[in-house]
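> Following this message is one structure expressed as structure tokens.
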Amino acid sequence: MTHTISPPSPATDAGSNPPPRQPRRLPPLRSFRERFGDPAFTVVSIGTLLVAIAVILYPLYFIVIASFSEPSAILNGQVWLWPKGFTVEGYQRIFADPAILRGFANSVLYTVLGTTISVVLILCGAYALSRRDLFGRKVIMMVFIATMFIDGGLIARYLVVRDLGMLDTIWAVVLPGSVGVWNLIIARAFFENNVPGELREAAQLDGANDFRFFFQIVLALSKPLIFLMIMIHLVANWNAFFDALIYLDDESKYPLQLVLRNVLIQSEVTSAGGTAGLDSYAAAQRLGELIKYGMIVISSIPLLVVLPFMQKHFTKGALLGAVKS
């Protein structure tokens with residue numbers, strides 16, 4: 001009887017040599033674009049953004065330092081990073097006029113009231129127009145859109161405001177432009193894409209009527225849109241002065257923008273004609289320049305303080321309201 005002896009395996013034979021190792025493969029050489037493309041793109045992008053930020057922020061910074069500098073230094077190009085010949089005379093002359101504080105209070109009132117009316121009307125109207133069960137909603141929407149292309153003009157608007165008895169009242173400032181059609185379209189698209197009909201049907205099964213569904217559910221889902229509308233109308237109402245210029249006669253009702261405009265015009269007339277309170281034409285021109293820069297700073301501070309806190313809601317609301325699924 002013969003026996004076959006199998007050869008020892010590498011694992012059991014302690015004295016055997018280990019198996020040969022496979023040659024290590026070197027990673028393929030990357031091209032120049034692969035090695036330096038992404039870092040170069042990052043550097044260029046960061047540099048471009050820094051330049052854009054500087055171009056946007058420096059004019060604002062220059063106006064601030066110019067309002068505290070001597071106008072002669074500004075005209076000679078000496079004001080660049082820091083004020084030259086520090087002075088607060090422009091601000092003293094601005095706030096010495098009680099009309100400035102009264103105009104500031106009027107602007108706050110017009111902005112808060114106008115923004116509230118606009119946001120309420122746009123949200124309610126846009127939600128109604130987004131409902132597919134609203135009879136004639138396409139015709140109503142076309143009527144709104146037609147107002148973007150057909151305008152009766154300034155005289156027609158003035159006659160309408162006069163016939164409604166709103167001349168020289170607060171309503172002449174906040175009501176005529178309270179509903180912006182473009183904002184209505186954005187809000188309507190937001191509701192159509194983010195408030196499904198199944199959600200309304202589920203709320204109706206739980207006993208919620210249309211008003212309760214809108215105020216408790218729809219508005220809770222529409223915070224980005226609400227902040228977007230508030231931000232847009234805050235800026236528009238704060239900077240508005242033309243309606244007040246046309247419809248208001250009582251100077252005690254003027255908003256801040258219109259008061260500052262009148263102060264600037266008065267300072268220019270004073271510098272051109274000369275007065276007994278100013279020593280010379282050069283002194284009057286100097287004071288006019290200080291007032292001009294100071295007025296820009298005063299009218300810009302409220303928006304610069306409020307808007308950064310609403311920026312993220314503005315971006316989200318604009319995207320959600322502008323994209324149609």
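The values are calculated or read from the model by the stated rules, or taken from the named source; none is laboratory data. The structure presented is a predicted model; accordingly, all values stated were derived computationally and were not measured. Quick reminder, even Gly has a Cβ in these numbers, built from the backbone with ideal geometry, and neighbours come from all protein chains shown. In case anyone asks, the SASA skips ligands and DNA or RNA and just uses the protein heavy atoms, side chains included. Shrake-Rupley method; radii C 1.70, N 1.55, O 1.52, S 1.80 Å.
> Quick query: amide H of T87 versus all other amide H atoms, modeled in the peptide plane; which residues come in under 5 Å with a sequence gap of 5 or more or a different chain?
Here the answer is S69, since their amide H atoms fall under 5 Å of that of T87.
> Order the peptides 303-310, 186-193 from the highest to the lowest mean number of other Cβ atoms within 10 Å of their residues.
186-193, 303-310
> Rolling a 1.4 angstrom probe over the protein heavy atoms, how many square angstrom per residue are accessible across the stretch 137-265?
Accessible area per residue, the stretch 137-265: 57 Å².
> Stretched out fully, how many nm does the piece from V305 to V64 gain, at 0.36 nm a residue minus the Cα gap?
Extra length available between V305 and V64 comes to 85.3 nm.
> Could you rank K84, K138 by how accessible they are, 1.4 Å probe, largest area first?
K138, K84
> So, one more: Step through the residues of the stretch 108-125 one at a time and calculate ³J(HN,Hα) from phi using the Karplus curve (6.51 cos²θ - 1.76 cosθ + 1.60, θ = phi - 60°), rounding each to whole Hz and writing x for Gly and Pro.
Working through the residues one at a time gives 4, 5, 5, 5, 5, 5, x, 5, 4, 5, 5, 5, 5, 5, 5, 5, 5, x Hz.
> For A240, what residues show an amide H to amide H distance below 5 Å, using hydrogens built from the backbone and excluding near sequence neighbours?
none
> Which value in Å is the Kirkwood Rh of the stretch 221-260 over different Cα pairs?
After inverting the pairwise mean of 1/r, the radius is 11.6 Å.
> Any idea of T48's accessible area? Nearest 10 Å², probe 1.4 Å.
Its accessible surface works out to 80 Å², give or take rounding.
> Continuing with this model, one more query. With θ set to phi - 60° and the Karplus curve 6.51 cos²θ - 1.76 cosθ + 1.60, what are the ³J(HN,Hα) couplings of the stretch 237-253 in order, to the nearest whole Hz, using x for Gly and Pro?
6, 5, 8, 6, 9, 5, 4, 5, 5, 7, 9, 9, 10, 7, 5, 5, 9
> Give me the percent of accessible area attributable to carbon and sulfur for the stretch 54-156, probe 1.4 angstrom.
Its accessible area is 75 percent carbon and sulfur atoms.
> Output wanted: per-residue J couplings in Hz (rounded whole) for the stretch 205-220, from phi through Karplus 6.51 cos²θ - 1.76 cosθ + 1.60, θ = phi - 60°, x for Gly and Pro.
Values, residue by residue: 5, 7, x, 8, 7, 5, 5, 5, 4, 5, 6, 9, 10, 5, 5, 5 Hz.
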